[in-house]
Amino acid sequence: MKEALAAHNTAILHYTAPPIVGGVEAVIQAHAEVFVEAGYPVTVVAGRGEGATLPSGTNFVLIPEMDSQHPQVLQVCSILEQGEVPPDFDDMVHRLTETLTPLLSQFDNVIVHNVLTMHFNLPLTASLHSLVDSGTIQHCIAWCHDFTWTDPRTRSKVQPGYPWDLLRTYRPDMTYVVVSRDRQCTLAALLDCPLEQIHVVYNGVDPKVLLGLSAEGQSLVSRLNLLESDLVLLMPVRVTKAKNIEYALRVVAALKARGYRPRLIVTGPPDPHDEESMVYFRSLQELRKRLDVEEEMRFVFESGPDPGKQFTIDAQVVGDLLRVSDVMFMPSHTEGFGMPVLEAGLVGVPVVCTDIPAAEEIGGEGVILFDADKDPVHVAKLILAWIERSPAHRLRRRTRQNYTWQTIFHRDVEPLLTRKGEV
């Protein structure tokens, strides 16, 4: 496996890199992280930036003349914007080509962000075309976020002819990527090429950052496959008979029978020193197997890094799980107070629980109450009716299943990479 991964040696190239703040720089940061996580060697090549701000394991090469704000580049650009080619333009292209040749020849893939469609450093654009012509760049992936020729704000910066036409020249020996279907149509028209020659790879999100997950919480979320599920129900309770966990198991079975991929997570452990508690825990495991929901229902107690060892989590990690969840589910027979109702309310997670007085007092009209004497199928339908009425839930589900950086990398980016020696 390591030998196969080593064949995918990739450079990511742009005018600037983090800590410079910008949309493209944020994408570069995210891409570098998922490349490293997947075991792919990756090097960021930029005119400005700091290697220390990139994910650990990322290589960084600084070439100041690649920066769009380099003094010489600014001088050249000011003349180009007047419709003239500076007399030293070719010299700058040659110098950049000499600098980049020994560097970029090492890589199986060179991902070029915006340089091939934007006018901010045309000597660099021309140099990259030359490096593709010579075969120095083995596989160029033109990642096109923006286009000078089609943007009303920048269209006046370019003129027909060389070198401006490089920004609208289609090359069948490059792989083109855009960030939306709309940009795909725009670039295909600009390059006068078939739509299918341009790949759409969306930007993504990092749940760990946006949901404020701790390292332990992120690891647990991954082991439980929560982000891939259709519906995450969390029971932040200990394993006791009062919590009516067997009822929750039957609700999950009913959800599964309706074609959903639910996850029910019980955060608390049984009491390992109380035989009655352990007997109840084992009976729940047996019921889970009979209902065929072993994948859909998990106890944190049995979900540690080592499956053979008991596992418990602290309040911080319970909070991590709550923020990832879609529903705080509490089918308890009794509750003295119902603290999880308040915790769910604070982080904006809907509450579905039995009509115990404490929950009704605390939650008011903000909770969905049900009678535990009702058939679990009824409660499953109640939950499904809620989620299908909720645009926020549908967008949340769609995002976590399809638009995390990790998902996008494995589904869309990885297939674009070439293996060394392949044509």
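The values are calculated or read from the model by the stated rules, or taken from the named source; none is laboratory data. Keep in mind that what you see is a predicted model, and the values were worked out from it rather than measured. When we count neighbours, we look across all protein chains shown, and the Cβ atoms used for this are built from the backbone with ideal geometry, even at glycine.
I'm told Glu361 meets every condition in (1) surrounded by 14 or more Cβ atoms within 10 Å (Cβ to Cβ); (2) assigned to a helix (DSSP H, G or I); (3) over 24 Å from the mean Cα position of the chain (by Cα) except one. Can you identify the failing condition by its number?
(1)
Taking the stated definitions as given, is Gly304 assigned to a helix (DSSP H, G or I) and either touching a helix residue (DSSP H, G or I) at 6+ places or on another chain (Cβ under 8 Å) or at pLDDT 90 or above (or both)?
no
Residues that are surrounded by fewer than 18 Cβ atoms within 10 Å (Cβ to Cβ) and in a loop (DSSP other than H, G, I, E, B): does the stretch 245-254 have at least one?
No, the stretch 245-254 contains no residue that is surrounded by fewer than 18 Cβ atoms within 10 Å (Cβ to Cβ) and in a loop (DSSP other than H, G, I, E, B).
Would you mind stating whether Gly345 is in contact with a Gly (Cβ under 8 Å, 6 or more places away or on another chain) and assigned to a helix (DSSP H, G or I)?
yes
On the phi > 0 side of the Ramachandran plot and at pLDDT 95 or above - does that describe any residue in the stretch 52-66?
Checking the stretch 52-66: at least one residue is on the phi > 0 side of the Ramachandran plot and at pLDDT 95 or above.
Scanning for something surrounded by fewer than 20 Cβ atoms within 10 Å (Cβ to Cβ) and of a type in the set (S, T, N, Q), does the stretch 334-345 turn up at least one residue?
Yes, some residue in the stretch 334-345 is surrounded by fewer than 20 Cβ atoms within 10 Å (Cβ to Cβ) and of a type in the set (S, T, N, Q).
Considering each of Gln184, Gln159 in turn, give the residue that is in a helix (DSSP H, G or I) and surrounded by fewer than 21 Cβ atoms within 10 Å (Cβ to Cβ).
Matching residue, one of Gln184, Gln159: Gln184.
Among the residues that make up the stretch 376-387, is at least one of them within 30 Å of the chain's Cα centre (by Cα), among the β-branched types (Val, Ile, Thr) and part of a helix (DSSP H, G or I)?
yes
Within the stretch 398-407, does at least one residue satisfy the condition of being surrounded by fewer than 13 Cβ atoms within 10 Å (Cβ to Cβ) and either of a type in the set (A, V, I, L, M, F, W, C) or more than 18 Å from the chain's Cα centre (by Cα) (or both)?
no
Do any helices (runs of 4 or more DSSP H) lying entirely in the stretch 1-107 carry at least 1 residues that are aromatic (Phe, Trp, Tyr) and touching a residue at least 24 places away in the same chain (Cβ under 8 Å), and which ones are they?
23-37, 89-104
Please enumerate the residues belonging to the stretch 231-244 that are surrounded by fewer than 18 Cβ atoms within 10 Å (Cβ to Cβ) and touching a residue at least 60 places away in the same chain (Cβ under 8 Å).
Answer for the stretch 231-244, where residues must be surrounded by fewer than 18 Cβ atoms within 10 Å (Cβ to Cβ) and touching a residue at least 60 places away in the same chain (Cβ under 8 Å): Lys241, Ala242.
From Val317, Val324, grab the single residue that is assigned by TED's automatic domain parsing to the domain that holds Arg397 and touching a strand residue (DSSP E or B) at 6+ places or on another chain (Cβ under 7 Å).
Val324
Please enumerate the residues belonging to the stretch 187-224 that are part of a helix (DSSP H, G or I) and of a type in the set (Asp, Glu).
If the condition is that a residue be part of a helix (DSSP H, G or I) and of a type in the set (Asp, Glu), then Glu196, Glu216 are the ones that fit.
For the stretch 141-163, which positions are under 14 Å from Leu128 (Cα atoms) and of a type in the set (A, V, I, L, M, F, W, C)?
Correct list: Ile141, Ala142, Trp143.
On the given criteria, is Ile383 among the hydrophobic types (A, V, I, L, M, F, W, C), surrounded by 19 or more Cβ atoms within 10 Å (Cβ to Cβ), within 17 Å of Tyr260 (Cβ to Cβ) and in contact (Cβ under 8 Å) with a residue 40 or more places away in the chain?
yes
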